[in-house]
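What follows is a set of notes on a single structure, which appears directly below.
The values are calculated or read from the model by the stated rules, or taken from the named source; none is laboratory data. Keep in mind that what you see is a predicted model, and the values were worked out from it rather than measured. Note that each Cβ is placed from the backbone with ideal geometry, even for glycine, and that neighbours are counted across all protein chains shown. Heads up: the accessible areas ignore ligands, DNA and RNA and are worked out on the full protein's heavy atoms, side chains in. Shrake-Rupley method; radii C 1.70, N 1.55, O 1.52, S 1.80 Å.
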Amino acid sequence: MIQHFIVIGNPIAHSKSPEIHSLFAAQTGVEINYQRQYCPDDAASFTAVIEAFFKGGGVGANVTVPFKQVAYECCVARGGLSEHAKVAGAVNTLLLNKALLKNGIPIAEAIYGDNTDGQGLVNHMTSLGWPLKDARVAIIGAGGAARGVILPFIEAGIAELTLANRTVSKAKDLVSELSAASEIIAQQQIKTCTTEELEGEFDIIINATSIGLSGATLPLSDQLDGHYAYDMMYGRNLPFLQHFAARGAQVSDGYGMLIGQAALSFERWTGHAIDVAVITDAL
Ligand code: ATR
């Protein structure tokens, strides 16, 4: 039987998710129909579309910009959230809470949210052979992208975490908020500083800012070095990666993270694990 999925966003025409999930389907032999779903940019429309999708027999939905926080609110009021979604304050994967449905709760009240973005990043780094256990990690940025990866990194066993941001107060606020939301994060010492102040040698340095969209470059100290540098954006000519590659680091853009988060969504929905390396080669 064909299982139905959507990715919901605005804009959505550019989304690569249908292509990626069709490769997962081919790999696992699961029959799927995965569509791009446009939605007007307001919470009421989002909720109406999602409810109609699940009531109509949909199995799972991916959520992208600008709806990840709206999806989070929707699930708070309904079928619940995974720990990763709770801490991220954002949802990228929707499914039905089967336990609630078993108890006779209506479908519209049993919509459950997960967030696979951060774990997708951790899995990508692991597949690249980048050592996370006991690593000294620096993340630049304190918006939604940074928020979503902090818990998965700590769970992966990193030793030290520094959060740098143009606006240092936002980095401090994020650390306080996350420490209040998660015992595991509260137990991790997280340093904060401005981007310019970030200095020294790290195992892994991650760009979690949206600066790549503007074509501007981050003001990085000459005293900053990393063995591995990762940009959560993807595409060619990312100045952040060029900077660290020139200093001898191994570098990666975020394309593997995109595939990694998609693979984890597919696994949640269908129970089938994905061999991500094969898919990455195919793409
Ligand atoms: P999102 O939640 O989608 O990640 P955001 O909250 O706007 O988006 O966060 C974007 C991140 O990129 C922030 O860390 C932001 O820094 P500020 O908190 O100081 O705004 C960072 N960022 C965006 N444009 C930047 C730029 N031109 N230079 C430095 N940092 C930038």
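Within the stretch 88-112, residues that are closer than 30 Å to Val149 by Cβ reach partners that are aromatic (Phe, Trp, Tyr) and part of a loop (DSSP other than H, G, I, E, B) with beta carbons closer than 9 Å, at six or more positions or on different chains, in the pairs Val91/Phe67. Reported count of residues in the stretch 239-261, each being more than 19 Å from the chain's Cα centre (by Cα) and among the hydrophobic types (A, V, I, L, M, F, W, C), is 6. Identify, please: which residue in the stretch 217-230 is within 12 Å of the ligand (Cβ to nearest atom) and under 23 Å from the mean Cα position of the chain (by Cα) and is, among those, nearest to Thr162 (Cα to Cα)? Taking the candidates together, the pick is Leu218. Taking the listed residues Ile205, Ile211, Ile279, the one that is open to solvent by less than 30 Å² (accessible area, probe 1.4 Å), within 15 Å of the ligand (Cβ to nearest atom) and under 23 Å from the mean Cα position of the chain (by Cα) is Ile205, with no other qualifying. For the stretch 52-68, the condition of being more than 16 Å from the ligand (Cβ to nearest atom), in contact (Cβ under 8 Å) with a residue 24 or more places away in the chain and of a type in the set (A, V, I, L, M) holds for at least one residue.
Does any residue of the stretch 186-197 turn out to be open to solvent by less than 10 Å² (accessible area, probe 1.4 Å) and either without any contact (Cβ under 8 Å) to a residue 60 or more places away in the chain or more than 16 Å from the ligand (Cβ to nearest atom) (or both)? Yes.
Looking only at residues of the stretch 150-169 that are within 16 Å of the ligand (Cβ to nearest atom) and assigned to a strand (DSSP E or B), we find that the one that is farthest from Ala186 (Cα to Cα) is Ala164.
One line per residue, one yes/no per condition, for (1) surrounded by fewer than 20 Cβ atoms within 10 Å (Cβ to Cβ); (2) over 26 Å from Arg268 (Cβ atoms); (3) among the acidic types (Asp, Glu):
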{"residue": "Thr116", "(1), (2), (3)": "no, no, no"}
{"residue": "Lys133", "(1), (2), (3)": "yes, no, no"}
{"residue": "Ile139", "(1), (2), (3)": "no, no, no"}
{"residue": "Gly143", "(1), (2), (3)": "yes, no, no"}
{"residue": "Ala146", "(1), (2), (3)": "no, no, no"}
{"residue": "Ile150", "(1), (2), (3)": "no, no, no"}
{"residue": "Leu163", "(1), (2), (3)": "no, yes, no"}
{"residue": "Thr167", "(1), (2), (3)": "yes, yes, no"}
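Of all residues in the stretch 118-131 being open to solvent by less than 10 Å² (accessible area, probe 1.4 Å) and of a type in the set (Gly, Ala, Ser), which is farthest from the ligand (Cβ to nearest atom)? Filtering the stretch 118-131 for residues that are open to solvent by less than 10 Å² (accessible area, probe 1.4 Å) and of a type in the set (Gly, Ala, Ser), the one farthest from the ligand (Cβ to nearest atom) comes out as Gly120. Of the residues that make up the stretch 92-108, is at least one within 16 Å of the ligand (Cβ to nearest atom) and either on the phi > 0 side of the Ramachandran plot or touching an Asp or Glu at 6+ places or on another chain (Cβ under 8 Å) (or both)? Looking for residues that are within 16 Å of the ligand (Cβ to nearest atom) and either on the phi > 0 side of the Ramachandran plot or touching an Asp or Glu at 6+ places or on another chain (Cβ under 8 Å) (or both), one finds at least one in the stretch 92-108, hence yes. Checked against (1) buried (at least 18 other Cβ atoms within 10 Å of the Cβ); (2) of a type in the set (S, T, N, Q); (3) over 15 Å from Leu96 (Cα atoms), Thr47 passes all but a single condition, namely (3). The C-beta contact set for the stretch 122-145 (first residue over 23 Å from Ser176 (Cα atoms), second residue in a loop (DSSP other than H, G, I, E, B) and within 16 Å of the ligand (Cβ to nearest atom), distance under 6 angstrom, 6+ apart or interchain) is empty. Of the residues Ala90, Ala85, the single one that is in contact with a Phe, Trp or Tyr (Cβ under 8 Å, 6 or more places away or on another chain), buried (at least 20 other Cβ atoms within 10 Å of the Cβ) and under 21 Å from Cys39 (Cα atoms) is Ala90.
Within the stretch 132-149, the residues that satisfy the criterion of being part of a strand (DSSP E or B) and within 10 Å of the ligand (Cβ to nearest atom) are Ile139, Ile140. Checking the structure you have, find out if any residue of the stretch 53-75 is open to solvent by 60 Å² or more (accessible area, probe 1.4 Å), over 25 Å from Ser17 (Cα atoms) and at pLDDT 95 or above. Within the stretch 53-75, not a single residue is open to solvent by 60 Å² or more (accessible area, probe 1.4 Å), over 25 Å from Ser17 (Cα atoms) and at pLDDT 95 or above. Of the residues making up the stretch 112-131, just one is acidic (Asp, Glu) and farther than 12 Å from Glu83 by Cα, namely Asp117.
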